[in-house]
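The values are calculated or read from the model by the stated rules, or taken from the named source; none is laboratory data. In this text, all values refer to a predicted model and were calculated from it rather than measured experimentally. No Cβ is skipped: glycine too gets one built from the backbone with ideal geometry, and neighbour counts run over all protein chains shown. Only protein heavy atoms, including side chains, enter the accessible area calculation; ligands, DNA and RNA are left aside. Shrake-Rupley method; radii C 1.70, N 1.55, O 1.52, S 1.80 Å.
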Amino acid sequence: MDKVIHVTGIVDTLSYPAIPVAVKREEISTDQAPAAIGPYSLAVSTEGMVYTSGQIPLVPDTGELVTGGIEAQASQVLSNLKAVLESSGADFSTVVKTTVFLTDLGNFATVNALYAAAFGETKPARSTIEVSALPKGALVEIEAVALVKEA
């Protein structure tokens, strides 16, 4: 017997047969970006898309927070994000959505200028959120969703 998924909407109830789908899922890692500091992947690629974990300003070789203020931290975050994207077959030109987390929205202009320089003509959708704290005392974290380039 077929399983059926029921979707209730404002106007009507629709039924769709549940179809098992085989989906290829690849966990991404690279030595060009800092290793994950918890039980997660740097990124996951599936169905032509890559979803990155948030990148914080850790130096890849040491795993330590980069020294300096918001400019140094944002530059390191963008460098780490670039490395993760490139290791998954994407880059800044294929990013469709980012989320930027800041511990102080007063740093928005500085981060925005560096972000604009990194992304160039590419203007993905973006959310920027002020948070009370980030891992390891970071001031900024950025995550992205991108299209994987065709081989």
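Here are some notes:
- Per residue accessible area in Å² of region 17-151, where ligands, DNA and RNA are left out and the probe is 1.4 Å: 53
- Global geometry of region 55-103, whether rounded, prolate or oblate, following the gyration tensor of its Cα atoms and the 1.5 cut on a/c: oblate
- Net charge, N107 excluded, C-beta distance under 13 Å - Lys, Arg +1, Asp, Glu -1: -4
- Each eigenvalue of the Cα gyration tensor of region 22-151, multiplied by 5 and square-rooted, gives one semi-axis; in descending order these are 23, 17, 13 Å.
- Straight-line cross-link partners of K149 among the lysines, defined as a Cα under 19 Å from its Cα and at least 8 positions apart when in the same chain: K24, K82, K97, K123.
- R25-K123 pseudo-label distance in nm [points 7 Å out on the Cα-to-Cβ vector]: 3.5
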